[in-house]
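Each value in this text was obtained by applying a stated rule to the coordinates, not by laboratory testing. Please read these numbers as outputs of a predicted model, since none were measured by experiment. Cβ placement follows ideal geometry from the backbone for every residue including glycine, while neighbour counts extend to all protein chains displayed.
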Amino acid sequence: MTESANLSSIYNNLIHLGDYYPLEIIIEKEEADNAINNFKEKWQPYNPRKENKRFGLSLTSHDGSIDGPNQIDLDSLHEYNKLHNTSFEEDSFKTKTSVFKSFSKLQKDLEPISQYICRSHIIKLNAGGFFPPHRDLDPKTFRLISLSNNCSISNFVLLLNNQRIFLDQQHLYFLNTRVAHSVFSFEDDVFFFVFNILVNIETASFVRSKLLEK
């Protein structure tokens with residue numbers, strides 16, 4: 001079996017369980033609040049060449065930094081690579097930042113797959129901030145997400161495959177972002193977590209072992 005076929009097979013086993021489903025891992029509100037407050041001066045524009053009311057705080061980055069010229073992880077990798085003749089990929093950003101290290105319980109919960117966590121961040125949307133419909137087609141990674149502060153039904157919309165879905169705040173979810181998805185915020189200071197995880201037997205087994213509904 002080729003590497004591509006093997007990755008597809010593993011990913012298909014994950015989406016066989018559904019396009020989205022909760023894990024038993026919870027991002028504690030106290031830890032999220034502390035990070036948001038302690039690093040409130042470090043938010044960077046997300047995809048800075050596009051005018052949008054969205055910002056990022058790096059959980060992993062190329063060199064462990066959370067601000068400055070090396071915040072390539074908060075840019076569009078496709079656009080950055082095209083402009084700078086580089087070849088950054090999701091797994092080019094695996095160094096944990098001080099933000100990630102401030103989450104002691106989350107670090108412990110994710111320890112079994114820690115080496116496979118790549119480009120990950122906390123996203124902040126202000127009123128009118130959005131991600132337009134798109135697909136994440138990197139065959140080497142899958143997404144885990146968690147809705148955090150202010151992601152209520154009345155002020156945050158997440159569409160997956162043209163259907164609105166509702167996720168419980170704090171729980172970590174597997175989300176099939178290879179289908180079209182988009183988000184929109186009606187309020188300021190809406191926060192959610194996005195983790196890119198390398199596709200392999202170990203990470204897929206981890207997801208299955210942590211299913212909330214077994």
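Within segment 74-99, how many residues turn out to be over 26 Å from ARG135 (Cβ atoms) and either among the hydrophobic types (A, V, I, L, M, F, W, C) or assigned to a helix (DSSP H, G or I) (or both)? Spell out the reasoning first.
Applying the first criterion (over 26 Å from ARG135 (Cβ atoms)) to segment 74-99 yields 95-99.
Adding the requirement that they be either among the hydrophobic types (A, V, I, L, M, F, W, C) or assigned to a helix (DSSP H, G or I) (or both) leaves 98-99.
Residues meeting the conditions: 2.
Given the criteria in a loop (DSSP other than H, G, I, E, B), within 26 Å of VAL99 (Cα to Cα) and in contact (Cβ under 8 Å) with a residue 12 or more places away in the chain, does ASN150 qualify? First the steps, then the outcome.
Details: in a loop (DSSP other than H, G, I, E, B): yes; within 26 Å of VAL99 (Cα to Cα): yes; in contact (Cβ under 8 Å) with a residue 12 or more places away in the chain: yes.
Yes, satisfied.
For segment 128-146, the criterion of a residue being in a loop (DSSP other than H, G, I, E, B), surrounded by 14 or more Cβ atoms within 10 Å (Cβ to Cβ), of a type in the set (Asp, Glu) and touching a residue at least 12 places away in the same chain (Cβ under 8 Å) is satisfied by at least one position. Regarding ASP19, is this residue surrounded by fewer than 18 Cβ atoms within 10 Å (Cβ to Cβ), in contact (Cβ under 8 Å) with a residue 60 or more places away in the chain, in contact with a Ser or Thr (Cβ under 8 Å, 6 or more places away or on another chain) and within 25 Å of VAL179 (Cβ to Cβ)? For ASP19, the condition - surrounded by fewer than 18 Cβ atoms within 10 Å (Cβ to Cβ), in contact (Cβ under 8 Å) with a residue 60 or more places away in the chain, in contact with a Ser or Thr (Cβ under 8 Å, 6 or more places away or on another chain) and within 25 Å of VAL179 (Cβ to Cβ) - is not met.
Give the residue, chosen from ILE113, ILE66, ILE36, ILE72, that is crowded, with 16+ Cβ neighbours inside 10 Å, touching a helix residue (DSSP H, G or I) at 6+ places or on another chain (Cβ under 8 Å) and in contact (Cβ under 8 Å) with a residue 60 or more places away in the chain. That would be ILE113, the only listed residue that is crowded, with 16+ Cβ neighbours inside 10 Å, touching a helix residue (DSSP H, G or I) at 6+ places or on another chain (Cβ under 8 Å) and in contact (Cβ under 8 Å) with a residue 60 or more places away in the chain.
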